[in-house]
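Novice: Below are the structure tokens for one structure; questions will follow.
The values are calculated or read from the model by the stated rules, or taken from the named source; none is laboratory data. Since we're looking at a predicted model, the values are computed, not measured. As a convention, Cβ positions derive from the backbone with ideal geometry for all residues, glycine included, and neighbour counts pool all protein chains shown.
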Amino acid sequence: MSKSTKWNKRYSSPEYVYGTEPNKFLKQELSKLATGRLLLPGEGEGRNAVWAAINKWEVTAVDISQMGKEKAMKLFAAHDVNINYRVGNILDLNFDKQFDAIGLIYLHLPKELKQTFAIKIAQLLAPKGTLIMETFHPEQILRNSGGPKNPDYFVTPNELKTYFSMLNIVSIETQEVYLNEGAHHKGKAMVIRMVATKE
Ligand SMILES: C[S@@+](CC[C@H](N)C(=O)[O-])C[C@H]1O[C@@H](n2cnc3c(N)ncnc32)[C@H](O)[C@@H]1O
């Protein structure tokens, strides 16, 4: 099954499988910044984009899933916000601008793509821009509160520091948190939370 087929299937139910509230860490960190252009790769059903747009960010969302976009557009319409949402693989898309902030919230990629992806994200970040990332720690594979079942899709904090060594890592923490993000992220989970900036 292709990646887009898998995600279209997951998003085919009427409920928002990761909920409609923004990820807490993204909300907390974006709230500390001056608003500007925000890129959300792997944005899915739009929960982060809608919160950011309501809070005056100029949002570009990207996802490989057309079904994700359709659900996101319904959420945007319900909140009367305008968001540029592109369907495609983030690794293949070109952008005519850089972003003041990028939010990577549970975008899981296989090991062989992680360095290429990190280079692309760093290029898309504007000078003085901020990267905010939350992802599952490899220990999460033992839990049923969300996340991939293939170990290849996880990353350790040290690997993240290496992949993003072109940025200044402001903070990187492994935390056990209680996730309450729809039916697919629910319960105690081991996550990595990272903030990095560009010179
Ligand atoms: C676990 S979901 C998280 C969705 C959203 N970030 C959230 O927190 O609600 C991962 C998302 O990444 C998307 N995705 C995976 N690989 C992608 C890629 N290469 N390019 C764009 N989107 C991708 C999937 O379609 C899916 O919507």
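Novice: Taking the stated definitions as given, is Phe76 aromatic (Phe, Trp, Tyr), outside the structural domain of Asp152 (by TED's automatic domain parsing) and either in a loop (DSSP other than H, G, I, E, B) or more than 11 Å from the ligand (Cβ to nearest atom) (or both)?
Specialist: Spelling it out, Phe76 is indeed aromatic (Phe, Trp, Tyr), outside the structural domain of Asp152 (by TED's automatic domain parsing) and either in a loop (DSSP other than H, G, I, E, B) or more than 11 Å from the ligand (Cβ to nearest atom) (or both).
Novice: Then there is this: Out of the residues in the range 40-66 that are more than 16 Å from Lys27 (Cβ to Cβ) and either among the aliphatic types (A, V, I, L, M) or more than 11 Å from the ligand (Cβ to nearest atom) (or both), state the one that is nearest to the chain's Cα centre (by Cα).
Specialist: Among residues in the range 40-66 that are more than 16 Å from Lys27 (Cβ to Cβ) and either among the aliphatic types (A, V, I, L, M) or more than 11 Å from the ligand (Cβ to nearest atom) (or both), the one nearest to the chain's Cα centre (by Cα) is Val62.
Novice: Next up: Does Thr135 meet the test of being hydroxyl-bearing (Ser, Thr, Tyr), surrounded by 13 or more Cβ atoms within 10 Å (Cβ to Cβ), farther than 21 Å from Lys6 by Cβ and touching a strand residue (DSSP E or B) at 6+ places or on another chain (Cβ under 9 Å)?
Specialist: no
Novice: Does Glu21 meet the test of being over 19 Å from Val191 (Cβ atoms) and within 11 Å of the ligand (Cβ to nearest atom)?
Specialist: So Glu21 does not fit the description; no.
Novice: Now, a different point. Take the residues of the range 79-104 that are outside any strand (DSSP E or B) and away from the ligand (no atom under 15 Å from the Cβ): which is surrounded by the fewest Cβ atoms within 10 Å (Cβ to Cβ)?
Specialist: For the range 79-104, the residue satisfying everything is Asp96.
Novice: Hey, Thr130 hits all of (1) under 28 Å from Asn8 (Cα atoms); (2) of a type in the set (Ser, Thr, Tyr); (3) buried (at least 18 other Cβ atoms within 10 Å of the Cβ) but one; which does it fall short on?
Specialist: Result: Thr130 passes all but (1).
Novice: Sticking with this one: Taking only pairs six or more apart or across chains, which ones have beta-carbon atoms under 9 Å, a first residue in the range 117-138 that is modelled with pLDDT under 95, and a second residue that is part of a strand (DSSP E or B) and not hydrophobic (A, V, I, L, M, F, W, C)?
Specialist: Filtered contacts from the range 117-138: no entries.
Novice: Take the range 116-130 and flag every residue that is away from the ligand (no atom under 14 Å from the Cβ) and either assigned to a helix (DSSP H, G or I) or closer than 13 Å to Leu160 by Cβ (or both).
Specialist: Ile119, Ala122, Gln123
Novice: Given the criterion part of a helix (DSSP H, G or I) and among the small types (Gly, Ala, Ser), identify the matching residue among Ala49, Ala34.
Specialist: Just one listed residue meets the conditions, Ala49.
Novice: Of the residues Asn158, Asn180, which is surrounded by fewer than 16 Cβ atoms within 10 Å (Cβ to Cβ), within 20 Å of Gly42 (Cα to Cα) and out of contact with any His (no Cβ under 6 Å at 6 or more places or on another chain)?
Specialist: Residue meeting the stated conditions: Asn180.
Novice: On to the next question. Considering each of Leu113, Leu107 in turn, give the residue that is near the ligand (Cβ under 9 Å from one of its atoms), within 22 Å of Asn23 (Cα to Cα) and not assigned by TED's automatic domain parsing to the domain that holds Tyr163.
Specialist: Leu107
Novice: Is it the case that some residue within the range 189-197 is more than 28 Å from Ala53 (Cβ to Cβ) and either touching a residue at least 24 places away in the same chain (Cβ under 8 Å) or touching a Leu at 6+ places or on another chain (Cβ under 7 Å) (or both)?
Specialist: Taking every residue of the range 189-197 in turn, at least one turns out to be more than 28 Å from Ala53 (Cβ to Cβ) and either touching a residue at least 24 places away in the same chain (Cβ under 8 Å) or touching a Leu at 6+ places or on another chain (Cβ under 7 Å) (or both).
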